[in-house]
Amino acid sequence: MAVVVQMPRLSDTMEEGVLLKWRLGEGAKVEVGDILAEVETDKANMELEAFDGGTLLKVLVQEGQRVPVGTPLAIIGEPGEDIEALLAGLGVPTVRRRVEPTAVEAEPAKPPGLEAQRVVGERVKASPLARRLAREAGVDLAQLKGSGPEGRIRKRDVEAAISAPRAPEEAVRPAPETQARPAERYEEIEPSLMRLAVARRMSMSKAPVPHFYLTVEVDMDKVVELRESIKDMAGDVKITYNDIILKAVALALRQHPWMNASYVEGKIRLHKQIDIGVAVALEEGLITPVIRNCDGKSLGQIAREMQDLTDRAQNRKLKPEEYTGATFTVSNLGMYGIEEFSAIINPPEAGILAVGAIAKKPVVRDDQLAIGYRARLTLSCDHRVVDGATAARFLNEVRRLLENPLSLMV
């Protein structure tokens, strides 16, 4: 009996997906476990697995099409099986019209070079990254021919246009002064699925979650010394300041379990496992790969795992279990020179730590003016779970560990 393959929910926040590519075509034999297609979710590009065997009788969604979760994608059944009733139930037209031969006037040949031009007003299909590159380089997307599904313009198409030799420019003629129409003052870009998910989740957090913020300045002199002394000991892995901060946060969470908590449906969950999410910026949004049991791992283990997760996050190869279920999150913008900021809590977690840049500053040491390394940490808290005193004790423990980093090596 024929079965309908639907767009699955491949992440906890997924509302819709893009069918990137069919791995099998109509008429192909399908075994249970075969990869039918590749799907773009709000977090990663994932493979769509077959849960039923048979023959791929009908493909209902074309490559490049974005559809909601639950949308019928294809039908699998026995070879030659009648699926017209099933298609009718899905609202797919099944009546085949007989095409009468008609005399058709020969279409005049198009002048060379016009194949890539589109009809005025036709929407240009392009990836968000391709649009951004084109906008920055001043490339008109309407003049490009896309290499993606249904002519979708990809990053490489824009890069090819940028690197292509240009004809000598004519003398610049002064343009007549005209008032720009509203439509020319901006470009509307369709947000990526990841950007939509970020917008939805942050709106879920900022409005209903009563945030409060605490900030401390941390003496990072010994952290800088520690990193310099161990950076050659870790072999093939590079231990970053963020890895050291993650370890300090994990040990502090062990001492202050109310910060390793979530507010879910009117109840507070105190998590027994310390799983720290780390905000990673991608071209199309944010993702938070998770270091599981972070408090029990060495700096080298954290560094290796974080590097692997970051690399695969940037290639959108993370599995859902690798970026969901964090109990606390760290967001670091220090590498961008940001000294201090406040992060929005990733619900349902009780807190998130925003890490600023480590910078040299004039400091007072033994009543003398000196130069030291300092960083500012800002803790965002859910007031439904913790109060200011609890959060302050946790943040002071993070500071104590960073100012005595040898304790992180134990």
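Some points to look at:
Yes or no, residue by residue, for (1) within 23 Å of Arg304 (Cα to Cα); (2) touching a residue at least 40 places away in the same chain (Cβ under 8 Å); (3) open to solvent by 10 Å² or more (accessible area, probe 1.4 Å); (4) not in a loop (DSSP other than H, G, I, E, B):
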{"position": "Leu253", "(1), (2), (3), (4)": "yes, yes, no, yes"}
{"position": "Tyr263", "(1), (2), (3), (4)": "no, yes, yes, yes"}
{"position": "Gly277", "(1), (2), (3), (4)": "yes, yes, no, yes"}
{"position": "Leu286", "(1), (2), (3), (4)": "yes, yes, yes, yes"}
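- If you go through region 29-45 and pick out every residue that is touching a residue at least 60 places away in the same chain (Cβ under 8 Å) and touching a strand residue (DSSP E or B) at 6+ places or on another chain (Cβ under 7 Å), you end up with 4.
- Top-ranked residue in region 200-234 [being part of a loop (DSSP other than H, G, I, E, B) and in contact (Cβ under 8 Å) with a residue 60 or more places away in the chain; ranked as surrounded by the fewest Cβ atoms within 10 Å (Cβ to Cβ)]: Pro210
- In region 306-337, residue least open to solvent (accessible area, probe 1.4 Å) [restricted to those that are touching a residue at least 24 places away in the same chain (Cβ under 8 Å) and among the small types (Gly, Ala, Ser)]: Ala313
- Residue in region 382-397 that is at pLDDT below 95 and either under 23 Å from the mean Cα position of the chain (by Cα) or assigned to a strand (DSSP E or B) (or both) present: yes
- Tally of residues being surrounded by 15 or more Cβ atoms within 10 Å (Cβ to Cβ) and touching a helix residue (DSSP H, G or I) at 6+ places or on another chain (Cβ under 6 Å) across region 183-199: 1
- Subset of region 309-339 (residues that are in a loop (DSSP other than H, G, I, E, B) and not hydroxyl-bearing (Ser, Thr, Tyr)): Asn315, Arg316, Lys317, Leu318, Lys319, Gly325, Ala326, Leu333, Gly337, Ile338, Glu339
- Qualifying position, being closer than 29 Å to Asp387 by Cα and either open to solvent by less than 70 Å² (accessible area, probe 1.4 Å) or modelled with pLDDT under 95 (or both), among Ala303, Ala343, Ala370: Ala343
- Boolean, Val158 is at pLDDT 70 or above, β-branched (Val, Ile, Thr), in a loop (DSSP other than H, G, I, E, B) and in contact with a helix residue (DSSP H, G or I) (Cβ under 7 Å, 6 or more places away or on another chain): no
- All positions within region 387-401 that are surrounded by fewer than 23 Cβ atoms within 10 Å (Cβ to Cβ) and under 22 Å from Phe341 (Cβ atoms): Gly388, Ala392, Asn396, Glu397, Arg399
- Considered as a group, the residues in region 14-24 that are assigned to a loop (DSSP other than H, G, I, E, B) and modelled with pLDDT of 90 or more include one that is nearest to Ser127 (Cα to Cα), and that residue is Arg23.
- Of all the residues in region 39-56, those that are buried (at least 21 other Cβ atoms within 10 Å of the Cβ) and under 17 Å from Val4 (Cβ atoms) number 4.
- Set Ala357, Ala375: member being assigned to a strand (DSSP E or B) and among the aliphatic types (A, V, I, L, M): Ala375
The values are calculated or read from the model by the stated rules, or taken from the named source; none is laboratory data. These numbers come from a predicted model, not from an experiment. All Cβ positions, even for glycine, are placed from backbone atoms using ideal geometry, and neighbour counts span all protein chains on display. Each accessible area value is taken on the protein alone, full model and side chains, heavy atoms only, with ligands, DNA and RNA left out. Shrake-Rupley method; radii C 1.70, N 1.55, O 1.52, S 1.80 Å.
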